[in-house]
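Engineer: Before we start, here is the structure in question, set down as structure tokens.
Just so it is clear, none of the values below were taken in a lab; they were calculated from the coordinates. These figures come from a predicted structure and were not determined experimentally. Glycine gets a Cβ as well: all are built from the backbone with ideal geometry, and neighbour counts include every protein chain shown.
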Amino acid sequence: MRLFVSVDLPDDLAEPVADLQAEFGGASGLNFVDPEQTHVTLKFLGDVSEQRHPALTDELAAAVAEADVGPFTARYGGLGVFPSLEYISVLWLGLKNGSQELTRLHEALEKRTTAMGFDPEDHDFTPHVTLARMEHAGGKELVQNLVRERDPTVGETRVAEIRLTESTLTDEGPVYSTLERFSLENVDP
């Protein structure tokens, strides 16, 4: 199973995400993410055997408890690219609110999963929603200009859970399935 931990954008933000992606429609080389599958990846786990699933679930629940992040408002906005404007591989939507909470969750997940033997991240965590991947630089100039000039706000939502998600790769693109949900709501004893 190919797994990652995420905060999924709600269905009502799919249309504003699609509208933002449409602004980049003239940029050749961009391969857009399905706006109905957009999310913030907190931790990519890769291929995980089913035998590890119960222990992983326990560790993820412990990480959420340790992060001590209650429900919060995430406001999605701003644009960026990885790794740089000169060499673009990913176009992304950032966060105008909620980055601190997502970073705390990521750090707790990173600590718990690397202790289990999962690979540590090889770069600093930047909370983001991938909008597109750049397959070739044909549309690089348009992407550069829009990233420099635009500061869109797509919308906001209340984040009350994170998810363990399975990604199944198909010819039409990845298909995501939620395996587990971890609530950020405080549980009364």
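Engineer: Of everything in the stretch 4-42, what is in contact with an Asp or Glu (Cβ under 6 Å, 6 or more places away or on another chain) and not in a loop (DSSP other than H, G, I, E, B)? Give them in sequence order.
Structural biologist: Within the stretch 4-42, Ala14, Asn31, His39 meet the criteria.
Engineer: I would also like to ask the following. Need at least 3 residues that are among the aliphatic types (A, V, I, L, M) per element, so show me which strands (runs of 3 or more DSSP E) inside the stretch 97-170 make the cut, counting only ones lying wholly within it.
Structural biologist: Correct list: 129-134, 161-170.
Engineer: Could you figure out which of (1) in a helix (DSSP H, G or I); (2) at positive phi isn't true of Gly46?
Structural biologist: Checking Gly46 against (1) in a helix (DSSP H, G or I); (2) at positive phi, the one that fails is (1).
Engineer: Sort through Thr113, Thr153 and tell me the only one that's crowded, with 17+ Cβ neighbours inside 10 Å, touching a residue at least 60 places away in the same chain (Cβ under 8 Å), among the hydroxyl-bearing types (Ser, Thr, Tyr) and in contact with a Lys or Arg (Cβ under 7 Å, 6 or more places away or on another chain).
Structural biologist: Thr113
Engineer: Which members of the stretch 1-43 meet the condition of being surrounded by fewer than 16 Cβ atoms within 10 Å (Cβ to Cβ), over 21 Å from Asp171 (Cα atoms) and in contact (Cβ under 8 Å) with a residue 40 or more places away in the chain?
Structural biologist: Matches in the stretch 1-43: Pro10, Asp12, Glu23, Gly26.
Engineer: Oh, and also: Residue check, Thr73 against (1) farther than 21 Å from Ala18 by Cβ; (2) among the β-branched types (Val, Ile, Thr); (3) surrounded by 13 or more Cβ atoms within 10 Å (Cβ to Cβ), all met but one. Which one?
Structural biologist: Exception for Thr73: condition (3).
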